Structures are given as structure tokens and as C-alpha cells.
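Asks: Got a structure for you, written out below as C-alpha cells; questions coming shortly.
We did not get these values from a lab; they are worked out from the coordinates using the rules stated. In this text the structure is predicted, and so the values were computed from the model without any measurement. With ideal geometry, Cβ positions are generated from the backbone for all residues, glycine too; neighbour counts draw on all protein chains shown.
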Amino acid sequence: MMTAAFTSTLSRLRPNRRDVGANIGLVLGFTATLAFAGESAVSLIMAGMPADCAEYASNVTASEGSFGSISPSVNGVRCYGAFQFCDSGTLQAYWSGTREGFLADPSAQVAAWRQYQQDEWSKAGRLGMTSLIGQQVCYKGTCAVISQSSILKACQFGCGKGGKLYNLMQSGLDCSAAGTRDGAGTSVCSYLISGAGYNVACVTNSNDGIDCLPASPKGG
């Protein structure tokens, strides 16, 4: 997440975030179809986002929300901020203050999201989901080559065992497979495709060589 005042922000984050369960992360993506706003790369950089990840982060917020966003209640759960941390677990795991304080602090949102992405990237590697990089995924007539940024955007659903991306991997990239959609009906495949081809070195510390490959029509 954004790192303006990163040092002071991290001091407020709770420890042992890497142990957050798979299901806690699933709800980050479930309000995607309800989000109509996002943050620009410039606004994210001003809040502390590293420049090499700003375009990717802006892409994520376009599917999630803006710094002041509060999602509608779905099954009693609301999510907050540009990256939609939810009060079913992720908000509490990555922020020790109030919901109001989180919404008022863009730097805290960025710091929490960056930590979340790093934690989920580690899970994706341990569970073999990074092996999907370089493969093609197609959904609703659009195809893309899966990149590091694809995996990370799909991790908005959570990258633990039994999560949406894990289930998709187990199905052989069958976007119609059970367990690959969130509670709002959003497919993890849509995130793999829309998130493809961005620089995410601020999370992965590497470049997969697939940056800037656009999604293409199926069969194109």
C-alpha cells in the first residue's frame, strides 16, 4: 500500500499478518462489481506508493474503490478504502485503528495494501500459483498472458489454499469451475486478465518480462 509516512504507519499495523487465513482475503474482491471509482497513479504516489507500482495499484483501485469508499453491506460485511479492506478480517489484520481513521489516512491504506500484497505473493509462491505465469487465460472473449501482476490482482480474492485463484489453478484454468467466483459473482479470471502486464517489482522484487502485454480478444 502507499508508503507516505510509511515508517509511522507500519508501527500501527498488527504483527503476524502472514498468518491471516485464506478466507479472510476472499472478501477484498467481492465488492468489485459495486465499485465505480478509483485512485490515479499520481494520487497513489502522493500517498506513498512506489512509482514502479503506481499504475498497477491504480488499476486495482479501479476495480475496488477510492480512499473514502465504503462498500454496501453484503452478508453483513462492509469494506473500506481504495483497496477495500473488510471488517470480516482483513481490516482488523492490517489496521489497528478505527474504520474512520483508516478512511482518513491514505498512507495507511497504501501501507496496509502493500503488506497484504507481499503476504499474498508469498502464499501464491508456496502453493504453486506463480507457476501460472506465462500461461494464457481467456474469459468472456478476452485473453491475456498471466503475469506477476495478474497473480497479485487475483490475490485481492485471497491467495490461500482453497481460495478463488487456488481453485482456478486446480481446475486447469477453467474459468467456469466451482469456487472461482466471489459472493457478488465476480470471477477471479476477470482479475487475472485486467491485472495483466503491469510492473509490480515493489512487491515481487523482480520483473517477469511480461510487463505491458495487453489483453487481447480471444482468438486474436
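Asks: Suppose each label sits 7 Å from its Cα in the direction of the beta carbon; what would the Arg126-Val42 distance come out to in nanometres?
Replies: 4.1 nm
Asks: How do Arg78, Arg126, Arg181 line up, fewest other C-beta atoms within 10 Å first?
Replies: Arg126, Arg78, Arg181
Asks: Now for a different question. Using Cβ counts within 10 Å as a stand-in for footprinting exposure, how do Asp174, Asp105 rank, fewest first?
Replies: Asp174, Asp105
Asks: Report, by chain and number, residues whose modeled amide H sits under 5 Å from the one on Cys143, excluding near sequence neighbours (fewer than 5 apart, same chain).
Replies: Those qualifying (amide H under 5 Å, at least 5 residues apart or on another chain) are Ser216, Lys218.
Asks: Starting from the amide H of Phe85, placed 1.01 Å from N in the peptide plane, find each other amide H under 5 Å away whose residue is 5 or more places distant or on another chain.
Replies: For Phe85, whose amide H was placed from the backbone, the distant partners under 5 Å are Tyr80.
Asks: Tell me, Val200, Val74, Val110 in order of fewest to most beta-carbon neighbours within 10 Å?
Replies: So the ranking, lowest neighbour count to highest, is Val74, Val200, Val110.
Asks: How large is ³J(HN,Hα) for each residue in segment 170-181, as worked out from phi by the Karplus curve 6.51 cos²θ - 1.76 cosθ + 1.60 (θ = phi - 60°), to whole Hz, x for Gly and Pro?
Replies: After applying 6.51 cos²θ - 1.76 cosθ + 1.60, I find 5, 8, x, 6, 8, 5, 9, 5, 4, x, 10, 10 Hz.
Asks: Let me ask something additional. Which aspartates and glutamates, on any chain, are close to Lys153 with Cα under 16 Å apart, when same-chain ones fewer than 8 places away are left out?
Replies: List returned: Glu39, Asp52, Glu55, Glu64, Asp119, Glu120, Asp182, Asp208, Asp211.
Asks: Enumerate the amide H contacts of Ser69 below 5 Å, restricted to partners 5 or more residues apart or on another chain; note that Pro and chain-start residues carry no placed amide H.
Replies: Here Gly81, Ala82 satisfy the definition.
Asks: Pulled fully out, how much extra length does the chain show between Ala178 and Asn205, if you take 0.36 nm times their separation in residues and subtract their Cα-Cα distance?
Replies: Stretched out fully, the Ala178 to Asn205 stretch lengthens by 6.4 nm.
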